[in-house]
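Below is the structure I would like to discuss, written out as structure tokens.
Derivation of every value follows stated rules applied to the coordinates shown; laboratory data play no part. Owing to the predicted nature of the structure, the values given are computational and were not obtained by experimental measurement. For neighbour counting, all protein chains shown are included, and Cβ atoms are generated from backbone atoms with ideal geometry for every residue, glycine included.
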Amino acid sequence: INGKSLRQQLYELKVKTHALRNDLVSIRRMQQSLQENFKVQLEDANKKIEDYILRLYRIETRSEQCRTVENELDLYMINSTKIDHDLEDLEASVEELQNDVKSKQCYVTMNDVESFALVLSTISRSLVDLKASFPVLREKISSLGQQSCLNEDQKFLQEEPERLDYTIKKCKRLTTMLYQLKRLAINQEQKSVSIKSRCRFSFGSNGKPTDRKRLLEQIESVTQNSDGRLKAIEKAEKLREHRLHYANQLDLLKQMKYNSEQQV
């Protein structure tokens, strides 16, 4: 009996051992499966984090690009506005001088023409630099695509080339006007020299004018038109201020050029 009982116990122990072994194998498989699932989940989580960081980087990069383009566009518009303002002032001054010369209210000198021409040359150089910078700015704006943070990009890109061409035409028109004024200044200076030489022979031996009556009539006609004369004086004073302004600019530009040559 004892032998049979012992064999029964050994058999039961063998069965339990086999069951435990199967359970251990199952646990190991489960552990491996859990490890693989955890690894996959960890990789997915890492990929999501990397994608999120990459999106943030792209958003920040695009925002930085937008800010850079905005700053460049602001600088472009500041330079453009300054050129337009300076060109309008110069155009008004040249037209006023031209109209006054045509109405014979004043004379034009070579110094006036040179002052205006130098200011126009400075404006033209700035305009050339502005036009050269536009294609680069246009490319940067276009690179932003549909997600551009600039609201008026397309309108600006379409209208700016035409505006630049119009401004260049204004510069060419002013160049033509200054050329005409230069020729007129040369003629007036030649006439002035000729008149002075003739005036030497317009007096008699006693030092008095030969045509005293005509002189008195001219003086009387001037005094009768005192209001018009005052207005003409005010206009001439305004024109003198414009001339002085551009003459000062001429001296300043010459001094800057001299200083740059000395440094070299």
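With the Cα gyration tensor of segment 67-201 in hand, give its eigenvalues times 5 under a square root as the equivalent ellipsoid semi-axes, listed largest first in whole angstrom. Could you put the intermediate results ahead of the total?
Working: eigenvalues 405, 25, 21 Å².
Semi-axis lengths for segment 67-201 are 45, 11, 10 Å.
Got a sec? How would 101, 113 order by Cβ neighbour count within 10 Å, fewest to most? Walk me through the numbers before you get to the answer.
Details: 101 18, 113 22.
Lowest to highest Cβ neighbour count: 101, 113.
Which of the peptides 115-128, 79-92 is most tightly packed, and how do the rest follow, judged by the mean count of other Cβ atoms within 10 Å per residue? Spell out each step's value before the answer.
Numbers: 115-128: 18.5, 79-92: 15.4.
Peptide ranking by packing, descending: 115-128, 79-92.
Residues of segment 53-94 with backbone nitrogen within less than 15 Å of a virtual label 7 Å along the Cα-to-Cβ line of residue 140, please, listed as ranges.
Only 62-80 fall inside the zone, counting backbone N under 15 Å.
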